[in-house]
1. Among the candidates Lys277, Lys283, which residue alone is touching a residue at least 60 places away in the same chain (Cβ under 8 Å), closer than 26 Å to Met402 by Cα, open to solvent by 60 Å² or more (accessible area, probe 1.4 Å) and charged (D, E, K, R)?
2. Report yes if Ser678 is within 36 Å of the chain's Cα centre (by Cα) and within 19 Å of Ser716 (Cα to Cα), otherwise no.
3. Sort out which residues of segment 470-488 are within 15 Å of Met556 (Cβ to Cβ) and open to solvent by 30 Å² or more (accessible area, probe 1.4 Å), and write them in order of number.
4. So which of Asn78, Asn86, Asn57, Asn101 ends up being closer than 30 Å to Lys554 by Cβ, surrounded by fewer than 20 Cβ atoms within 10 Å (Cβ to Cβ) and at pLDDT 90 or above?
5. Can you name the residue in segment 346-365 that is in a loop (DSSP other than H, G, I, E, B) and open to solvent by less than 10 Å² (accessible area, probe 1.4 Å) and, of all such residues, is nearest to Leu331 (Cα to Cα)?
6. Quickly run through segment 615-674 and pick out the residues that are acidic (Asp, Glu), part of a loop (DSSP other than H, G, I, E, B) and out of contact with any strand residue (DSSP E or B) (no Cβ under 6 Å at 6 or more places or on another chain).
7. All but one of (1) in a loop (DSSP other than H, G, I, E, B); (2) open to solvent by 50 Å² or more (accessible area, probe 1.4 Å) hold for Asn407; which doesn't?
Amino acid sequence: MPLPRALLADEVGLGKTIEAGLVIHQLVASGRAQRILICTPASLVNQWLVEMKRKFNLDCTLVDDEFCAEQQGENPFNQVQVALCNFDWLAHSEYLDHAHNTQWDMMVIDESHRLQWESKAYKTALGLSKISSGVLLLTATPEQLGIESHFARLHLLDPLRFPDLDQFLIEEQQYGVISNLVDVIETDGLAACLSDLEQLNDDKLLLLAEDVIENQKDETAFVDWMADRYGTGRMVYRNTRRSIPGFPVRHTEFYHLKDCSNLKWLISWIETQEENKVLVICKTADLAHEISTQIQNITGIPTGAFHEHYSLIERDQIAAQFVEDDGLQVLVCSEIGGEGRNFQHAQHLVLFDLPSHPDLVDQRIGRLDRIGQGSDIYIHIPVQSKSPEARLTALFHHGFDMFSQPNPAASPIFEAYGLEIESMLETGDNAESVIMQCQQASMQLLAEIEDGRDKLLEQHSFSSERVSPLLSAIKEADDNQGDLEQLILNIFDNSHIETEATSNNNFIISPQENCPFSFINGIRDDRCTITFDRNLASVREELEFVSWDHPWIKGMLDDLEASGNAFTSCSMISNPDLKNGQILVESFYQIKADGPGRLELNRYLAPQSRHYIISEELKSLGKHLDLVEMREKQERVSKDMAVEITQMKLGEITNALSLAEKLAAHTTQDNIQNAVSSLLEASKQELARYKSLEITPGSYQAEIDELTAKAKESISLLQNAKPKLMGLCIWINFNK
């Protein structure tokens, strides 16, 4: 899609926030999106702020009453690139009109299941969706809060595809038939279910099926097309733990206490843990501070507190100490302070007190129970006998089975039985009966969710064939990190940036006064620790992971290109195989289609480089020279001598460059034609999709016209792609 409009509905713990961050990062990096609005519940604002900065180097601006007041009457949303705000605040804020008067490229709404049909929040989201080119909705419960609310979110994403609730209900009745067809296609092939397809009375679908069979086309593409036409298509992505390996096994132990406080038990228990890393989570920052102080003072075990009263930098430092083998053994974390932080290097989790909602239990356990954990996790729960918390523990354990695995039914059932649960916790009356009711309701809802599994949705959400090339590309990029490290450290050495290697092969960088790069303004306290190791960066969030996508790299390249000084050189070599005084012209060209980011030209014609060494006799010598040896044994010449030689040999240099440019243009023609063909094929498929989804003739005409105009503009820019000289070196051979 030009800009995606989709619902990310993965199960809890699969990283929807990270998925949204990946989408946002790619849109920004490719130039397809400049202004983004992120809306979350108040409790998740800090998590998004941290995740976007730490994982994607994306600086979000928190827009609230204080920020808006500072703008002195100006539209506050026009002052920022990425706005982050509490959605409840926005829906009821006097500044909502300002948000409506801003052109958004992408809007993201987390916990979108809160958008109940016809509610104030939904109407706010619907209004914003109409002025935003792209929309991402995030929820772990896509259908559990009612079919109307699920339809409402789909209507918000694509009102043309999902215009009417009654029609949507009719479509849903066919999902079972379609799901069975997918099973047959997967096991027996498309030809085996042609007669079943005829029962759908869909001439377009039948013609496409016959075309796929007759021309031996990819049957997976047919299933994708059917998902688009009969399911939620490109609108919904839902991955489940069932299809993704790598999650740990949970082990839970309850400690029933009578004459012992939770803190006293915790201190004695920690003393038995030898060198095990232990994460303790409690409700408040003050309690986290008190617990950590008591553990440290009484046991001497290195213990730290992690909560919202610390600054972001301080939290980074504490988290880093917890990761180190010889650092903190115990970390005591508050409820809010732990949002957005993952500690999967630890295996022991103590729930010092229980939160009052199932979602928060999932969030706590999710600090350890994540992809990449690598080992089983152990959950320890102290329980004061015959207390409200003991009854809550029983509800979560026996009623929802929450400690052994995530339960997507727990939250809606907990809220549905809210009054009964509140009374039971307060008085203890009917505890067993209420817990049994919740257990049965939870099991029933889980069964309904399982029966309602949408095979089309699962097929669309994950395909190993689509994923494999991406994983290979990531692995290749990581394998080449050593080249990037050598290049960047070399640039630092020549740019007044001091580097100091640490014990873990990381580097502390410190820009000096004459550093030419603008990014130094973003380095905290003029020092920063960087790493080129992705695995290390995943557990050390205070480290800057430097890859080709890091904004520093892009900034350095932009600064170097703008300066014009880093791309020309003149050097002397001594090669007896060449005549004395021989001039060689080494040139680097880039072939890139220039155009607005919204056209995504790089997806069809990736920027390419061409490298030539041309003699003054116009012979290409690149294959006949040892460039490594030339660079190692070169002798630099003074600027005055370089100018003199260039002026003396200007005609020969110009002719050599002219030949190199023609060679670069000639060798790129096939790439350009392939890019045009790929674009035409993609546009053809997209046009066919729009026409196939038409409920009434012409309903997608605006989209078809826009796509046609975009394809025409893109083809013109691709065909006009020309080589651009990026680097030039004049070599002079001088045999002594």
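The values are calculated or read from the model by the stated rules, or taken from the named source; none is laboratory data. The structure displayed is predicted, hence computed values, not measured ones. A quick note on method: Cβ atoms are made from the backbone with ideal geometry, for glycine too, and the neighbour counts reach across all protein chains shown. Just the protein is used for accessible areas: all its heavy atoms, side chains included, with ligands, DNA and RNA removed. Shrake-Rupley method; radii C 1.70, N 1.55, O 1.52, S 1.80 Å.
1. On the way: Lys277 fails: open to solvent by 60 Å² or more (accessible area, probe 1.4 Å).
Within the list Lys277, Lys283, the selection yields Lys283.
2. When the stated conditions are applied, Ser678 passes them.
3. Within segment 470-488, the first condition is being within 15 Å of Met556 (Cβ to Cβ), and the residues that meet it are 484-488.
Across segment 470-488, the qualifying residues are Glu485, Gln486, Leu487.
4. Asn78
5. The qualifying residue nearest to Leu331 (Cα to Cα) is Ala346.
6. From segment 615-674, those acidic (Asp, Glu) are 616-617, 626, 629, 632, 635, 640, 644, 652, 661, 670; that's our starting set.
Then keep just the ones that are part of a loop (DSSP other than H, G, I, E, B); that gives 616-617, 626.
Residues satisfying the conditions are Glu617, Asp626.
7. (2)
Conditions (1) in contact with a Phe, Trp or Tyr (Cβ under 7 Å, 6 or more places away or on another chain); (2) charged (D, E, K, R), marked per residue:
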residue: Glu186; (1), (2): no, yes
residue: Leu208; (1), (2): yes, no
residue: Glu214; (1), (2): no, yes
residue: Lys217; (1), (2): no, yes
residue: Arg229; (1), (2): no, yes
residue: Arg238; (1), (2): no, yes
residue: Arg241; (1), (2): yes, yes
residue: Cys260; (1), (2): no, no
residue: Lys264; (1), (2): no, yes
